[in-house]
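Peer 1: One structure coming up, written as structure tokens, with questions to follow.
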Amino acid sequence: MWRRATLFLRVLEPPIHINASLSQTFTTGFPFHFQEKDGICPKPLITFVLGGPGSGKGTQCGKIVETFGFKHLSAGDLLRREMVSDSEYGSMIMNTIGEGRIVPSEVTVKLILREMESSDNHKFLIDGFPRSQENRIAFEQIIGAEPHMVLFFDCPEEEMVKRVLSRNQGRIDDNINTIKNRLQVFESLNLPVIDYYAKKGKLYRINAVGTVDEIFEHVRPVFEHEAR
């Protein structure tokens, strides 16, 4: 279980504006560390998992959890779950999306932080976040930490389109035009994040073409080396 700690927050980037009314909605504190176990406070091991729609990152997260014991946190799933809850911020998220606006970065980050604080695990896969440089800066300022490593599932556009069309999950936006639009948005917002972590030496680019098991054989050595 996580507990709050009084630490100084190292500002990693010029500060972004945090909406006070949104911040007050959450009771979660800022920098934290794990509760001691046998006199040891384990350092959080944070891995960002990035890739376009249909890149297979969610499926691979399941394999990583099963093999290496990580806690999987999907930013999209957390927002959707909160949106249908009876909480005050659930209504805010629903209204924001309903008005065609983007949920503020600090809201998503604090949903992630709340899950991290409530977990007994110290190893986290954060799936689908950060989606932009603003997301990244908000995460570093609010969490007070950077990822240990970043996985990018690199998949050709035609393969991602084919996968999304074939998965038949009942999503109304799963047609060719909207899928391609989502991929263009992903490229414009997410690739600067990928480039940022590549320059910092934290990025692992995974060839996301092949069967689930074939792709996981590219993933496995990364975790065997980095997450020991």
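Peer 1: Please list Asp195, Asp127 from largest to smallest accessible area, probe radius 1.4 Å, with all protein chains kept in place. Mind showing how you got there, number by number?
Peer 2: Working: Asp195 80, Asp127 10 Å².
Highest to lowest solvent-accessible surface, that is Asp195, Asp127.
Peer 1: Take the cross-link list Lys71/Lys199; Lys57/Lys123; Lys63/Lys123; Lys43/Lys110 and give me the ones stretching past 21 Å between alpha-carbons. Write down the numbers at each step before the final one.
Peer 2: Details: Lys71/Lys199 27 Å; Lys57/Lys123 17 Å; Lys63/Lys123 14 Å; Lys43/Lys110 19 Å.
Beyond 21 Å: Lys71/Lys199.
Peer 1: If you don't mind, another one. Where the Cα atoms of the range 48-87 are projected onto their three principal axes, how long is each span, largest first, in whole Å?
Peer 2: Principal axes ranked by extent give 35, 24, 14 Å for the Cα atoms.
Peer 1: I would also like to ask the following. If you count only protein heavy atoms and use a 1.4 Å probe, how large is the accessible surface of Arg167, to the nearest 10 Å²?
Peer 2: So the heavy atoms of Arg167 present about 80 Å² to solvent.
Peer 1: Same structure again: With just the Cα atoms of the range 78-224, tell me how far they stretch along each of the three principal axes, in Å, largest first.
Peer 2: Result for the range 78-224: principal-axis Cα extents of 43, 37, 28 Å.
Peer 1: Still on this structure, I have one more. Along the range 51-59, what does the Karplus equation 6.51 cos²θ - 1.76 cosθ + 1.60 (θ = phi - 60°) give for ³J(HN,Hα), rounded to whole Hz, x for Gly and Pro?
Peer 2: Per residue, the Karplus-derived 3J(HN,Hα) values read x, x, x, x, 6, x, 5, x, 4 Hz.
Peer 1: From the phi angles alone, apply the Karplus equation (6.51, -1.76, 1.60; θ = phi - 60°) to the range 114-122 and give each ³J(HN,Hα) in whole Hz, x where the residue is Gly or Pro.
Peer 2: Running phi through 6.51 cos²θ - 1.76 cosθ + 1.60 with θ = phi - 60° gives 4, 5, 5, 5, 8, 9, 7, 7, 10 Hz.
Peer 1: Sticking with this structure for a sec: Not counting ligands, DNA or RNA, and with a 1.4 Å probe, what is Leu203's accessible surface area in Å² rounded to the nearest 10?
Peer 2: Number for this one is 40 Å².
Peer 1: Can you give the relative contact order of the range 119-228 as a percent, counting alpha carbon pairs under 8 Å and 6+ residues apart?
Peer 2: Relative contact order comes out at 34 percent.
Peer 1: A further question follows. Quick query: amide H of Phe153 versus all other amide H atoms, modeled in the peptide plane; which residues come in under 5 Å with a sequence gap of 5 or more or a different chain?
Peer 2: Leu50, Gly51, Ile206
Peer 1: So, one more: Could you compute how much accessible surface His225 exposes when probed at 1.4 Å, giving the result in Å² to the nearest 10?
Peer 2: We get 110 Å² for His225.
Peer 1: For Arg167 paired with Asn207, estimate the spin-label separation in nm (one decimal), with each label point 7 Å from Cα along the Cα-to-Cβ line.
Peer 2: It is 2.3 nm.
Peer 1: Next question, about the same structure. Go through the range 141-146 residue by residue and turn each phi into a ³J(HN,Hα) via Karplus (6.51, -1.76, 1.60, θ = phi - 60°); whole Hz please, and just put x for glycine and proline.
Peer 2: Each residue's phi maps through the Karplus curve to give 6, 7, 6, x, 8, 10 Hz.
Peer 1: Any aspartates and glutamates with Cα under 12 Å of the Lys200 Cα? List them, leaving off those in the same chain fewer than 8 positions away.
Peer 2: Hits, sequence-local ones excluded: Glu146.
The values are calculated or read from the model by the stated rules, or taken from the named source; none is laboratory data. Quantities reported herein were computed from a predicted structural model and do not represent experimental measurements. Heads up, the Cβs are rebuilt from the backbone with ideal geometry, glycines too, and the neighbour counts pull from every protein chain shown. Calculation scope for accessible area: heavy atoms of the full protein, side chains included, ligands and nucleic acids excluded. Shrake-Rupley method; radii C 1.70, N 1.55, O 1.52, S 1.80 Å.
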